[in-house]
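Student: Before I ask anything, let me first share the structure, which is written out below as structure tokens.
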Amino acid sequence: MIFDNYIKNNRIQADDDLLNIHEALDLISKDAGDLLAEEALITPYYIDGRKKYELYQYEFCLSGESFQEFLERKTGKKAELVDKDIIILRAMCFANLHDGMEVVSKNIKNYFEYLLSNPEIQEEISEIFGSYDEEKMFMEIY
């Protein structure tokens with residue numbers, strides 16, 4: 001998986017196949033060189049004690065397809081018919097492998113920053129859990 005080199009070198013902990021997003025962001029901000037280029041889906045979760053909340057609408061796709069192909073597959077609509085807000089969200093949650101690892105790394109870093117600092121996500125989680133703590137944001141990679 002894309003973070004296997006970080007796990008293998010004990011630079012990030014993997015618990016039950018979940019990686020802490022905050023830790024991953026710190027690592028790739030310092031050194032994105034260990035990211036592996038391969039297709040993947042990253043699904044974010046908020047975990048507080050025994051409660052686990054999947055943020056499926058923010059799933060990140062690392063793919064060899066174009067953004068337009070991805071958008072049309074994800075929404076089931078032609079790109080020109082998709083709402084602007086959906087296009088913005090989907091663009092934040094997508095990277096094309098053909099753009100090269102420097103661009104992919106930047107997209108993943110921006111995605112993690114978005115997940116950790118987005119007021120809508122914080123509000124959604126606060127409504128469910130009573131508070132928000134970015135240290136409780138995790139991801140599963142498929």
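The values are calculated or read from the model by the stated rules, or taken from the named source; none is laboratory data. Please read these numbers as outputs of a predicted model, since none were measured by experiment. In this analysis, Cβ positions are derived from the backbone assuming ideal geometry, glycine residues included, and neighbour counts consider all displayed protein chains. The protein model used for the area step is the full one, side chains on, heavy atoms only, and it has no ligands, DNA or RNA in it. Shrake-Rupley method; radii C 1.70, N 1.55, O 1.52, S 1.80 Å.
Student: May I ask you to verify whether Lys74 is under 11 Å from the mean Cα position of the chain (by Cα) and in a helix (DSSP H, G or I)? Can you show your working first?
Tutor: Details: under 11 Å from the mean Cα position of the chain (by Cα): no; in a helix (DSSP H, G or I): yes.
When the stated conditions are applied, Lys74 does not pass them.
Student: Which one is modelled with the lowest pLDDT, of the residues in segment 28-37 that are surrounded by fewer than 17 Cβ atoms within 10 Å (Cβ to Cβ) and in a helix (DSSP H, G or I)? Walk me through it before giving the result.
Tutor: Going through segment 28-37, the residues surrounded by fewer than 17 Cβ atoms within 10 Å (Cβ to Cβ) turn out to be 29-33, 36-37.
From the residues that got through so far, the ones that are in a helix (DSSP H, G or I) too are 29-30, 32-33.
On the way: Ser29: 78, Lys30: 74, Ala32: 57, Gly33: 63.
Filtering first and then ranking leaves Ala32.
Student: Would you confirm whether or not segment 57-64 contains a residue that is open to solvent by 60 Å² or more (accessible area, probe 1.4 Å) and either out of contact with any helix residue (DSSP H, G or I) (no Cβ under 8 Å at 6 or more places or on another chain) or closer than 21 Å to Tyr142 by Cβ (or both)?
Tutor: The initial filter retains those residues of segment 57-64 that are open to solvent by 60 Å² or more (accessible area, probe 1.4 Å), namely none.
The answer is no, given that none of the residues of segment 57-64 is open to solvent by 60 Å² or more (accessible area, probe 1.4 Å) and either out of contact with any helix residue (DSSP H, G or I) (no Cβ under 8 Å at 6 or more places or on another chain) or closer than 21 Å to Tyr142 by Cβ (or both).
Student: Before we move on, is Ile47 of a type in the set (Val, Ile, Thr), more than 11 Å from the chain's Cα centre (by Cα) and either farther than 15 Å from Leu25 by Cβ or surrounded by fewer than 16 Cβ atoms within 10 Å (Cβ to Cβ) (or both)?
Tutor: Working: of a type in the set (Val, Ile, Thr): yes; more than 11 Å from the chain's Cα centre (by Cα): yes; either farther than 15 Å from Leu25 by Cβ or surrounded by fewer than 16 Cβ atoms within 10 Å (Cβ to Cβ) (or both): yes.
Criteria met by Ile47.
Student: Do any residues in segment 43-60 that are free of Cβ contacts under 8 Å to residues at least 40 places away in the same chain have Cβ atoms under 9 Å from those of residues that are among the hydroxyl-bearing types (Ser, Thr, Tyr), where the two are at least six apart or on different chains, and which pairs are they?
Tutor: Lys52/Tyr45; Lys52/Tyr46; Glu54/Thr43; Glu54/Tyr45; Glu54/Tyr46; Tyr56/Thr43; Glu59/Thr43
Student: Further, regarding this structure: If a residue must be in contact with a Pro (Cβ under 7 Å, 6 or more places away or on another chain) and surrounded by fewer than 19 Cβ atoms within 10 Å (Cβ to Cβ), how many such residues does segment 89-142 contain?
Tutor: Residues flagged as in contact with a Pro (Cβ under 7 Å, 6 or more places away or on another chain) and surrounded by fewer than 19 Cβ atoms within 10 Å (Cβ to Cβ) within segment 89-142 amount to 0.
Student: Follow-up question, since we're still on this one. Looking for something part of a helix (DSSP H, G or I) and on the phi < 0 side of the Ramachandran plot - is there at least one such residue anywhere in segment 38-50? Even if it seems obvious, please write down each step before you answer.
Tutor: So the first thing to find is which residues in segment 38-50 are part of a helix (DSSP H, G or I), and the list is none.
Taking every residue of segment 38-50 in turn, none turns out to be part of a helix (DSSP H, G or I) and on the phi < 0 side of the Ramachandran plot.
Student: Please enumerate the residues belonging to segment 111-142 that are more than 22 Å from Asp85 (Cα to Cα), more than 10 Å from the chain's Cα centre (by Cα) and not in a helix (DSSP H, G or I).
Tutor: Of everything in segment 111-142, those that are more than 22 Å from Asp85 (Cα to Cα), more than 10 Å from the chain's Cα centre (by Cα) and not in a helix (DSSP H, G or I) turn out to be Gly130, Ser131, Tyr132, Asp133, Met137, Tyr142.
Student: Among all residue pairs at least 6 apart or on different chains, which show Cβ distances below 8 Å where the first residue, located in segment 96-125, is farther than 22 Å from Gln68 by Cα and the second is charged (D, E, K, R) and assigned to a helix (DSSP H, G or I)?
Tutor: Leu116/Glu134; Ser117/Glu134
Student: From (1) in contact with a Leu (Cβ under 9 Å, 6 or more places away or on another chain); (2) loosely packed, with under 13 Cβ neighbours inside 10 Å, pick out the condition that doesn't hold for Leu81.
Tutor: The failed condition is (1).
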